[in-house]
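The values are calculated or read from the model by the stated rules, or taken from the named source; none is laboratory data. These figures come from a predicted structure and were not determined experimentally. Every residue, glycine as well, gets a Cβ built from its backbone with ideal geometry; the counts of neighbours run over all protein chains shown. Each accessible area value is taken on the protein alone, full model and side chains, heavy atoms only, with ligands, DNA and RNA left out. Shrake-Rupley method; radii C 1.70, N 1.55, O 1.52, S 1.80 Å.
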Amino acid sequence: RAMVLELSTNGGRIDAAQEIIHSVRETDLPVYAYVNRHALSAGAMIALAADRIYMRDGAILGAATPVDGTGEKASEKVVSVMRSQMRTLAQERGLDPRIAEAMVDEDIEIEGVVEAGKLLTLTTDEAVSVGYAREVQDLNALLAEVGLGSAAIATTEVNWAENVVRFLTHPMVAPL
């Protein structure tokens, strides 16, 4: 009846995140992002694609400046694309697009939220305050809030082959 994306990620490849986002946008099911610990970089972009973002206490969302294989900030061309995609996702959800852009671009200043020169990463309280998320105690509380407290849950797990691929495509390992 719905899909919950449990996010606890430092991010990853933008192209992989874009495929996930495309799938989220194309499904007829309601999709909820549950930020269990952190949704950074591409994880923040995936969270913004969901119909609603839920965060547990102590979680963080943001820091979405794309980096290259060496960990350095990507070219302005790549940053521009990421900034635009974050802005579009926020607009589609009725969220303040400047906040999404500030997660990508440290030059964006939003009074009372982030000063120029600082990249935006929101705590749970901050995300709730700016209307980006709702706080929940845990996954069960999220399910209860969206009317799925008694629903059967199908969980997917990462298998050994996916772990090998993740290792081989990690930015620090792939160049080798």
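The residues of segment 1-55 expose, per residue, 46 Å² of accessible area to a 1.4 Å probe. Each Cα pair under 8 Å and six or more residues apart adds its sequence gap; the mean of these over the residue count of the chain is a relative contact order of 18 percent. A simple charge model with +1 on the Cβ of Lys and Arg, -1 on the Cβ of Asp and Glu and nothing else charged puts the dipole of the chain at about 320 debye relative to its Cα centre. When mean projected area of the Cα convex hull in nm² is calculated for this entry, the matching label among [x] 10.6; [y] 16.4; [z] 11.6 is [x].
Reported to two decimal places, what Rg/Rh ratio describes segment 108-176 when computed on Cα atoms with Rh from the Kirkwood expression? The partial results should precede the final answer.
Working: Rg = 19.1 Å, Rh = 16.4 Å.
Computed over Cα atoms, the ratio is 1.17.
With a 1.4 Å probe and all protein chains kept in place, how much accessible area does Lys118 have, in Å² rounded to the nearest 10? The accessible area of Lys118 comes to roughly 110 Å².
Averaging the Cα positions of each part gives two centres, and for segment 46-87 and segment 95-148 these lie 12 Å apart. Taking Ala47, Ala152, Ala144 in turn, the Gaussian network model of the chain (Cα-Cα springs below 10 Å) assigns the largest fluctuation to Ala152.
Annotation: Ser84 carries an accessible surface of approximately 40 Å², with a 1.4 Å probe and no ligand, DNA or RNA atoms counted.
Once neighbouring chains are kept in place and the probe is 1.4 Å, which whole percent of the accessible area of segment 32-86 is contributed by carbon and sulfur?
On the way: 1030 of 2060 Å².
So the carbon and sulfur contribution to the accessible surface is 50 percent.
Model label points for Thr88 and Leu119, set 7 angstrom from Cα along the Cα-to-Cβ axis, are 2.2 nm apart. Nearest 0.05, what FRET efficiency do Ser80 and Ala152 give at R0 = 45 Å with Cβ-Cβ as r? The pair Ser80/Ala152 has a calculated efficiency of 0.55.
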